[in-house]
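For reference, the structure is listed below as structure tokens.
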Amino acid sequence: SSHTERSMMSLKNKVAIVTGGNSGIGQAIVLELAHRGANIVIDYVAHPEATESLERQVAKLGARSIGVDADVSKLADLRKLIDAAVKSFGRLDIMVNNAGIGRDRAMWRMADQDWKDVLDTNLSGAFYCTREVAPYLRAQEYGKIVNIASVHGLRSEFGLSNYCSSKAGLIGLTRSTAVELGPSNVNVNAVAPGYIRTTRLTEQVPAEILDRVRERSTLGRLGDPQDVAHVVLFL
Ligand code: NDP
């Protein structure tokens, strides 16, 4: 049945960019897209070896991918990223704004840079990516944009003022761009995951917080990157 399901959801000849695609949730999204036969651009910023190993996994699944080193908070990098997608694969259909960081700290101790880095990456990065891909998607009257927000865009915990602001902003950006791009048959959606295990981001979260989350969760466990990737594939 998984074969039927996959052929129903084939993404053959579609081209996807996944920012922060070499780790955690992004990596799971890349592998789901590869299963559906999409051509994938894996954007990353600091771990080329992880990206190369993922490219090999994608090839084993019979899909094509390229890794591109591009910082989403830098416009020049993003133009390079989008050019690479169009030059390598000839078109652009799917943009997954997944790159994200945390710099958790009580707000009265939060340095300017902790605030700026998180907003620049998690929110401005997604805005720049959306703005730069919009002309391609509008011209072909087809496209899918998925933004990886967080439950922390909807509620908060201690030490997350920068992160919560960025994710609440990302949800607002999603709503605005959905309204503006909808008439061109471009869908924009956000996913707001709870705590997801096995990612580098979650490794920085204190164990007692993760224990409390696990206790409160209906499944008695944290989510898996695949859980999020399945929702992204649907969207
Ligand atoms: P990871 O830390 O495992 O991966 C982060 C990815 O983002 C890496 O690929 C990293 O690249 C990339 N990245 C970081 N900064 C930049 C930048 N400036 N430009 C381009 N790429 C960048 O994170 P997760 O998989 O946990 O998180 C992915 C997304 O999911 C984030 O937006 C996060 O906020 C969100 N999220 C995560 C949750 C969780 O519990 N883990 C819960 C809810 C939402 P490199 O490897 O090269 O450094």
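Give the residue from LEU219, VAL231, GLY159 lying farthest towards the positive end of the charge dipole for segment 100-235; charges sit on Cβ (+1 for Lys and Arg, -1 for Asp and Glu) and the dipole is referred to the Cα centre. Ranked along the dipole, the leading option is LEU219.
Largest first and in whole Å, the equivalent-ellipsoid semi-axes of segment 54-113 read 32, 16, 9, each the square root of five times a Cα gyration tensor eigenvalue. Computed from the C-alpha gyration tensor, the three semi-axes of the ellipsoid equivalent to segment 129-235 are 31, 15, 11 Å, from longest to shortest.
Cα centroid separation, segment 29-70 to segment 199-225: 27 Å. Taking only protein heavy atoms and a 1.4 Å probe, the accessible area of segment 98-214 is 52% carbon and sulfur. Sorting the segments 159-165, 56-62 by their mean number of nearby beta carbons within 10 angstrom, highest to lowest, gives 159-165, 56-62.
Each peptide in 33-45, 145-157 receives the mean, over its residues, of other Cβ atoms within 10 Å, and ordering these scores from highest gives 33-45, 145-157. Taking each DSSP H run with n ≥ 4 as -39500 (n - 2.57) and averaging over every residue of the chain yields -15000 deg cm²/dmol at 222 nm.
Calculation over all alpha carbon pairs of segment 1-91 in 10 angstrom steps from 0 returns a P(r) of 19, 50, 26, 5, 0 percent. Heavy-atom surface analysis with a 1.4 Å probe gives segment 1-92 a carbon and sulfur content of 49 percent of its accessible area. Pairs exceeding a 23 Å alpha-carbon distance, out of LYS14/LYS80; LYS12/LYS144; LYS12/LYS60; LYS87/LYS116; LYS14/LYS116; LYS14/LYS167: LYS87/LYS116; LYS14/LYS116; LYS14/LYS167. Considering only ILE101, PRO135, LEU201, whose Cα is most displaced toward the positive end of the charge dipole of the chain, charges sitting on Cβ of Lys, Arg (+1) and Asp, Glu (-1)? Positive-end residue among those listed: PRO135. Report, to one decimal in Å, the Kirkwood hydrodynamic radius for segment 88-150 based on all distinct Cα pairs. Final number for the Kirkwood radius of segment 88-150 is 13.4 Å.
In terms of packing, defined here as the mean over residues of other Cβ atoms within 10 angstrom, the peptides 86-95, 105-114 line up highest first as 86-95, 105-114. Solvent exposure of segment 45-146 amounts to 53 Å² per residue of accessible area, where only protein heavy atoms count and the probe is 1.4 Å.
Principal axis extents of the Cα atoms in the chain, from largest to smallest and rounded to whole angstrom, are 48, 39, 36. The value obtained for segment 42-150, namely the Cα convex hull volume divided by the number of residues, is 121 Å³ per residue.
The values are calculated or read from the model by the stated rules, or taken from the named source; none is laboratory data. Note that the structure is a prediction, hence the values are computed from the model and not measured. Quick reminder, even Gly has a Cβ in these numbers, built from the backbone with ideal geometry, and neighbours come from all protein chains shown. Heads up: the accessible areas ignore ligands, DNA and RNA and are worked out on the full protein's heavy atoms, side chains in. Shrake-Rupley method; radii C 1.70, N 1.55, O 1.52, S 1.80 Å.
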